[in-house]
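In what follows, a single structure is set out as C-alpha cells and then discussed.
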Amino acid sequence: MLRPDRAYILDLARALIALLLFLPQFGWSAPVTDPVAAYLAMNIPDRARNAGRLLVLKTVEVDLSGKGDRTVFVGTWYRNSGPNTWLWAGFAPTEGGYELITPKDSDLLIDFEGIYIGVLPDIGRYGMAQAYSLELDNKDRDQSNLISDLTFYYLDGKQLVEKGSGPLDRNDPQQRKIFDFYFGLDRKISSKPRISSYTVVDLIRMGYKIPRWSPF
C-alpha cells in the first residue's frame with residue numbers, strides 16, 4: 001500500500017486550514033459547545049459601554065420551537081442603561097452543539113420576567129411575547145394602561161426575529177383582549193423559562209475567563 005509523501009500531507013493540511021478560514025465568510029462555522037464561554041468571548045461594543053465590568057451573568061433556557069428544544073440565552077445587566085435592563089445573546093441547539101441566533105455585534109433587549117411562551121396567533125408562529133412600557137420598567141407595567149409595544153420573538157431559520165406590533169391601550173376592550181391572551185391571569189403558556197444566575201466568583205470557580213469589557 002502506497003503511503004502519501006510529506007509534501008502531499010502538507011498541501012492537504014494547508015487546504016484544510018484555508019477551508020476553515022473561508023467557511024465563516026459563507027455563514028458556515030463550527031457549532032458552539034458552550035454558550036456561556038461564547039458569550040464571554042464576544043466583542044460587543046455596546047456591552048462594553050453599558051454593562052462595563054461584569055458583575056453577574058444569567059442563563060435562560062427556553063423552548064423556542066415548541067418541540068422541546070432548549071434555546072439558551074446568556075446575558076448580563078446593562079447597568080448604564082437602567083436599573084433593570086438586561087440584554088442577551090441567544091444560542092439555539094444544533095448538531096454538535098449550539099449556533100448563535102442573535103446578531104454578532106449587539107445584544108438583544110428581552111425581559112424574561114413574566115414573558116409569554118407559546119403559540120403567537122397574531123402572527124401564526126410559535127415563540128415568545130413581551131409587552132414593553134417606555135414609561136415604566138416591565139415589572140411595573142400594570143400601573144399603566146398604555147403598553148408602548150407588544151413584541152414577538154420567534155425563530156426563522158437560524159435567526160431570532162424580533163417583531164413589534166405597536167402599542168396597546170388596555171382601556172380599549174379589543175386591545176385588552178390581546179393583552180390578556182398573552183399576559184392576563186388566565187393566560188395559557190406552553191412552558192416557563194429556566195433562569196440561572198452566576199456571580200463572577202461562580203464563573204471563575206467553573207473555569208471561565210472573565211472578560212474586561214471596560215477599563216472603568
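Coordinate-derived values only; no laboratory data. Note that the coordinates shown come from a computational prediction; the quantities given were computed from them, not determined experimentally. Positions of Cβ are backbone-derived with ideal geometry, glycine not excepted, and every protein chain shown enters the neighbour counts.
For the range 153-196, the equivalent ellipsoid built from the Cα gyration tensor has semi-axes of 24, 17, 8 Å, listed from largest to smallest.
The length gained by stretching the chain between ASN80 and THR94 to full extension, at 0.36 nm per residue less their Cα-Cα distance, is 1.6 nm. From the largest down, the range 31-205 spans 51, 36, 25 angstrom on the principal axes of its Cα atoms. Charge dipole of the range 31-205 (Cα centre as origin; +1 on each Lys and Arg Cβ, -1 on each Asp and Glu Cβ, all else neutral): 280 debye, rounded to the nearest 20. First measure r as the distance between the Cβ atoms of SER106 and ARG187, then evaluate 1/(1 + (r/R0)^6) with R0 = 30 Å and state the FRET efficiency to the nearest 0.05. Step by step, r from the Cβ atoms, then E = 0.50. In this label model, LYS163 and ILE210 are separated by 4.2 nm, measuring between points 7 Å along each Cα→Cβ vector.
Remark on LEU87: its backbone amide H falls under 5 Å from those of THR76, TYR78, a criterion applied only to residues 5 or more positions apart or on other chains, H modelled at 1.01 Å from N.
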